[in-house]
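Below is one structure, written out as structure tokens, with a few remarks after it.
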Amino acid sequence: GNVLLVQGNAEAAIVAYESALKLEPDHADVPANLQFAHELAQDPLQLWQFAASSLFRRQRYQAAAGFYEQLLAAHQTDVESYQALAHCYHQLNQYQAEIAILQAGIAQHPTVEALQVRLVQALQQVNQ
């Protein structure tokens, strides 16, 4: 179930947790995990955020980028999502995409110095 949640598949995770609960009804973590999966299944944005941050922490940048892109497309434009997506693109050697997402982040959050500093660094790296 945990792997399925990290992959953004809450419905399959629920099935896995329910199966695990039948096999081991006294397992301490399964009921809490099942409840969490139900919560994520009801809120796709929260599911995408969970999957994105979990994949990011595991350095699975390509997969994480996909979830961050979904979040931004759904207008979840928090600074952390822009920073994380830019970092993903950087790790994937997609420097033009990194620059574009930093510029978009600055357009949404013009007073956030960290985005501006990272943009300057990214531009210097590609000699623009």
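The values are calculated or read from the model by the stated rules, or taken from the named source; none is laboratory data. The shown structure was predicted, so the numbers you read here are calculated from the model rather than taken from an experiment. Here Cβ is always computed from backbone atoms with ideal geometry, including for glycine, and neighbour counts include all displayed protein chains. Surface accessibility is based on the protein's heavy atoms, side chains included, excluding ligands, DNA and RNA. Shrake-Rupley method; radii C 1.70, N 1.55, O 1.52, S 1.80 Å.
So how far apart, in nm, are the two label points at residue 21 and residue 114 if each is 7 Å from Cα heading toward Cβ?
Going by the 7 Å Cα→Cβ label model, 3.7 nm.
Pop out the carbon and sulfur fraction of the accessible area of the chain as a percent, whole number, probe 1.4 Å.
Reported share for carbon and sulfur atoms: 52 percent.
Counting pairs of alpha carbon atoms under 8 Å apart in space and at least six apart in sequence, what relative contact order in percent does segment 35-128 give?
Over segment 35-128, the number comes to 18 percent.
At 1.4 Å probe size, with every protein chain present, just tell me what the per residue accessible area of segment 2-101 comes to in Å².
Accessible area per residue: 55 Å².
Mind giving me the nanometre distance, one decimal, between the label points for residue 38 and residue 57, set 7 Å out from Cα along Cα→Cβ?
Distance between the two pseudo-spin positions: 2.4 nm.
At what distance in nm do the modelled label points of residue 46 and residue 127 sit from each other, each positioned 7 Å from its Cα along Cα→Cβ?
For residue 46 paired with residue 127, the spin-label model returns 4.9 nm.
Please work out whether segment 1-53 counts as rounded, prolate or oblate from its C-alpha gyration tensor, where a ≥ b ≥ c are the square roots of the eigenvalues and a/c under 1.5 means rounded, while otherwise a/b larger than b/c means prolate and anything else oblate?
prolate
Quick one, which of (i) 100; (ii) 126; (iii) 114 is the actual volume of the Cα convex hull per residue in Å³ calculated for this model?
Recomputing volume of the Cα convex hull per residue in Å³ here picks out (i).
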